[in-house]
Amino acid sequence: MIRSTNIPSFWSPRFCRCDVITISNLSKSFTLHNQGAAVIPVMTGANLGVAPGECLGLVGASGSGKSTLMRMIWGNYLAASGSIMVGDVDVAKAAPREIITLRRGTLGYVSQFLRVVPRVPTMDVVAEPLLTLGVPAEEARARAMALLAQLNIPERLWSLSPTTFSGGEQQRVNIARGFVHPYPALLLDEPTASLDLVNREVVLTLIEAAKARGAAIIGIFHDEQARARLCDRLVDVTQFTPKVA
Amino acid sequence: MSILAKMKMQPLLSVRDLAKFYGGRIGCADVGFDLYPGEVLGIVGESGSGKSTLLSCLAGHLAPDRGEVIFDTKEGLRDTVLMAEAARRRLARTDWAYVHQNPRDGLRMGVSAGGNVGERLMAVGARHYGQIRDAAVDWLGRVEIAADRVDDRPSAFSGGMQQRLQIARNLVTGPRLVFMDEPTGGLDVSVQARLLDLLRGLVREMGLSAIIVTHDLAVVRLLADRLMVMKGGYVVEQGLTDQVLDDPQHEYTQLLVSSVLQV
């Protein structure tokens, strides 16, 4: 299955007790220029850390900022202040090319939406992160196929584009993309949301395996049983919501 | 490659304080950025925002009125603005490629498909007919044009095939920097998707750097690592592509992103 040889040794939990992801004093606001330049503060004073092999669950009501926090770690939302250390890169201040390098080998993200070039076969969509890392095409495809099989995507669909797939199938393709490389840090946004029991179990097993190999994981799980089984700690993001004066 | 090694890497192209005026009117001004090997930079903006003027200045088709365009040539860093015309043309044949929006502007319509690809090779000194033809057939295959079309003229090709032929003609000499002006502009959406996939694969396999001018935000999201947003000749915002599109900071970018029709 997944080989873990690509992980630099300092990521290994045996050698390092330090956190892979450390967030300090992070804040965020949106300025809506087209609505009278309204400034909406959405987060202030956020602090958290995730160690190798640990899974941290973000909780809080809808709109409390779970996805916002996750997007700031991924780097597609800009931080207003504070720092987001992932390994040795501060995502809050890093240049675009540093974030691109980080996403290539270190930080994985399973979002709720699949965004792909139309007409590209599912197999290639899943293999792409490996090809970008320079893994030979044959090996990348073999690893993609093994993962698609494990996630119960029927083989006759592998040569088709996932854009026409059902919601649950698209989600599993997204998960395959996020697990095809052993990223030392992983962001999971409701990875089990629209899955049946069998596939939910497959995904939970994959996440447990990622923890066991030392990945630091931050996840949003509305599925309470999944949360109880996977998460070592929970952080309620409501505490980071700015108090209305 | 480690992050530190990447950071020390030399930019392929460094642009400083670039400006071009049309009489009293601004074409583009105050433009500055670094492009690193393997990076794809998207430039978006509405018609008249200066994005095509900027691309022309970078590619040496227009002489800027001010500023530097430093390119990491095989002989070291050179300002292509101050370069002799002959040296700039040599760069355009070897290290650079330019993909026009309209394939007719980038192809020789009276010459066969194989000839179009082979001509670029001959311009850099290839003389062995068999090798040139083999390279041409190989490249036609890579852009998914069947080998039995090698002797047909581009005028017998569809728009999408012409665009793929133009890309083959441009990439056969192994350039390091590709300029693209609305490469998917005139194509229907199903052909666009194939071309996007092709371009992504080529960028990845050849380690190309590219600068892509387009007004299509969906195209840059899928192709570009970084994005520059232009308005009235100025760069109003730049950053990581998905950051600029998902969390736009400038008033104009917010308007641009919120104006896209959802399918």
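See the values below:
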read-out: Helix A:167-179 axis, angle to chain A major axis (alpha carbon atoms, nearest 10°); value: 90
read-out: Spatial separation of Cα centroids for region A:85-111 and region B:67-118, in angstrom; value: 34
read-out: Expected-Rg normalisation [2.2 N^0.38 Å, Cα atoms] applied to chain B; value: 1.01
read-out: Alpha-carbon Debye profile of region A:48-118, log10 I(q)/I(0) at 0.12, 0.20 Å⁻¹; value: -0.36, -1.00
read-out: Average other protein chain Cβ within 10 Å of Cβ, residues A:96-105; value: 6
read-out: Equivalent ellipsoid, region B:51-172 (semi-axes from 5 times Cα gyration tensor eigenvalues, Å); value: 29, 17, 10
read-out: Over 42 Å [Cα-Cα, the protein assembly as shown], rounded percent; value: 22
read-out: Helix axis angle, B:159-171 relative to chain B longest principal axis, alpha carbon, degrees; value: 90
read-out: Chain A: angle of helix A:122-132 to the longest principal axis, Cα-based, in degrees nearest 10; value: 70
read-out: Mean-position separation - Cα centroids, region B:143-181 and region A:169-240, in angstrom; value: 44
read-out: For region B:105-220: accessible area per residue (Å², 1.4 Å); value: 40
read-out: Total accessible surface hidden between A and B, rounded to 100 Å², 1.4 Å probe; value: 2600
read-out: Unsatisfied cross-links (Cα-Cα over 22 Å) in the set A:Lys93/B:Lys51; A:Lys93/A:Lys211; A:Lys28/A:Lys243; value: A:Lys93/B:Lys51; A:Lys93/A:Lys211
read-out: Per residue Cα convex hull volume in Å³ - calculated over chain A; value: 137
read-out: Cα-Cα P(r), region B:156-263, percent of pairs per 10 Å interval; value: 13, 43, 31, 12, 1
read-out: Chain A, helix-only ellipticity at 222 nm - DSSP H runs n ≥ 4, -39,500 (n - 2.57), divided by all residues, nearest 500; value: -10000 deg cm²/dmol
read-out: Whole-number accessible area per residue in Å² for region A:193-245, which is evaluated in the context of all protein chains at 1.4 Å; value: 52
read-out: Spatially proximal aspartates and glutamates relative to A:Lys66 (Cα-Cα < 14 Å; intrachain offsets below 8 disregarded); value: A:Asp189, A:Glu190, A:Asp236
read-out: Listing of region A:108-157 residues, each with accessible area lower by at least 50 Å² in the full protein assembly than in the chain alone (probe 1.4 Å); value: A:Arg115, A:Val117, A:Arg119, A:Glu128
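The values are calculated or read from the model by the stated rules, or taken from the named source; none is laboratory data. Values in this document were obtained by computation on a predicted structure and should not be read as measured data. Heads up, the Cβs are rebuilt from the backbone with ideal geometry, glycines too, and the neighbour counts pull from every protein chain shown. Ligands, DNA and RNA are excluded from the accessible area calculation, which covers all protein heavy atoms including side chains. Shrake-Rupley method; radii C 1.70, N 1.55, O 1.52, S 1.80 Å.
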